[in-house]
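Nothing in this text is a laboratory measurement; each read-out follows from the coordinates by a stated rule. Keep in mind that what you see is a predicted model, and the values were worked out from it rather than measured.
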Amino acid sequence: LLSLHGTSQTLRMVTAVPQMIHLRSAGPSVSMVRVGANPPEIELHSEDVALDLYHPPGVMEIGLRALATGALSGEAEVTASQVLPIAEGLGPQTLLPPGASVVYSFDVQREGPVGVGARASSDLVDVRLLDAAGHNLGTGLAQMPTLVPGTYLLVLRAPPSAGPVTVRPALAGVSPPGTGPPPEVIREYLAKTGPDASPSV
C-alpha cells in the first residue's frame with residue numbers, strides 16, 4: 001500500500017524476471033507509465049485508477065498526478081503476479097475473484113493468423129492481447145490477429161462488479177502443424193509393434 005499525497009507521486013520498480021504490475025487507487029488522476037528508455041504512456045482516469053501493466057526485466061516507473069489544482073489522497077494498492085507460459089489448445093483453469101487478473105505468455109513460431117481467446121463462466125471477462133513490450137494488440141473473448149514470430153501476452157481480467165469467474169486461456173495456430181502421421185495412426189503402429197506382436201514380412 002502506497003499512501004498518496006501532494007500533487008504527484010512516482011513509484012520506481014526494478015525486476016529481473018517478467019511480471020505483471022497491478023495498481024488500484026480510488027479517485028480521478030492522470031497516470032504516467034515509463035518502461036526502460038521508452039517514451040512514457042499517459043492516461044487520464046476520470047474515476048478510479050485500475051492499471052494492469054506488463055513489467056519486462058529492467059526498470060519501470062509509474063506516476064500519478066492529481067487533476068487540475070487538486071491533490072492526491074487515499075492509498076494505492078500495488079501488487080505483482082507471475083506470467084504463466086501456455087501453449088496450443090486450452091490452458092489451465094483459474095478461479096478469479098472480482099477485478100483480479102491472470103497473465104499468460106506464449107510463443108508464435110511462424111507468421112500467420114492465430115486464434116486467441118478464453119473460455120470463461122462469464123462473457124464479461126476482459127481479454128487483452130499484448131506484445132512483448134506490453135502494448136495492446138486486441139481485445140475480446142475470441143480474436144484472430146495475424147502475428148509474427150515472437151512472444152506475446154494474454155491478460156484475462158474478471159469484471160469488478162460481478163462474482164468470481166472461472167477462466168481458461170485458448171490458443172490455436174501458434175505452432176506449425178506436424179508433418180508426421182496423425183496420433184491415432186502412431187498409436188495403432190505402436191500397438192502392432194509391441195512385445196506381443198508377430199513379426200511381419
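Please state the equivalent ellipsoid semi-axes for the range 1-110: what are the square roots of 5 times the Cα gyration tensor eigenvalues, largest first, in whole Å?
29, 17, 12
Taking the Cα atoms of the range 95-167 alone, what are Rg (to one decimal) and Dmax (as a whole number) in Å?
12.6, 39
Which whole number in µm²/s is D for the chain by Stokes-Einstein, with the Kirkwood Rh taken over Cα pairs at 37 °C and 0.692 mPa s?
169
Over the range 1-51, what number does the Rg to Rh ratio reach, with both radii from the alpha-carbon atoms and Rh per Kirkwood?
Rg divided by Rh gives 0.95.
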